[in-house]
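Visitor: Before I ask anything, here is the structure I am working with.
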């Protein structure tokens, strides 16, 4: 785009000043938009890093909770499963099928 503006400026006599001015405006608008885009990319990268850090914190805390519940009810699977209601995850389209029994220790 810069080469086109340079050529339009070089041949202003043949093409007219309006064309060179118009394309100089396009170049300025493009440069401004591109600079803004690059700044936003940096912001997104920072947000991803922050989200990743927060996700690690949540994951660690959940793992501590799972270990604590397991340690509190060693060998008592039914009591442990009271803390982990997964009915919202299961497929509700097969409601007439039997639910599988929990594993035995």
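Visitor: Once every DSSP H run of n ≥ 4 in the chain is given -39500 (n - 2.57) and the sum is divided by its residues, what mean residue ellipticity at 222 nm do you get, rounded to the nearest 500 deg cm²/dmol?
Guide: Rounded to the nearest 500, it is -24000 deg cm²/dmol.
Visitor: Sorting check: for 48-56, 8-16, which peptide has the highest mean count of neighbouring beta carbons within 10 Å, and how do the rest follow?
Guide: 8-16, 48-56
Visitor: Moving on. Give the calculated FRET efficiency between residue 80 and residue 56 to the nearest 0.05, with a Förster radius of 30 Å applied to their Cβ-Cβ distance.
Guide: Given R0 = 30 Å and the Cβ-Cβ separation, E is 0.75.
Visitor: How much FRET efficiency would the formula 1/(1 + (r/R0)^6) give for residue 43 and residue 2, where r is the Cβ-Cβ distance and R0 is 41 Å, rounded to 0.05?
Guide: Working from the Cβ atoms, E equals 0.95.
Visitor: I would also like to ask the following. When the convex hull of the C-alpha atoms of region 14-76 is computed, what volume per residue in Å³ does it have?
Guide: 76 Å³
Visitor: What Kirkwood radius, in Å to one decimal, follows from the Cα pairs of the chain?
Guide: Every distinct Cα pair counted, the radius reaches 20.7 Å.
Every number in this text was worked out from the coordinates using simple rules, so none of it is lab data. Bear in mind the structure is a predicted one, so any value in this text is a computation, not a measurement. Ideal geometry is used to build each Cβ from the backbone, glycine not excepted, and the neighbour counts take in all protein chains shown.
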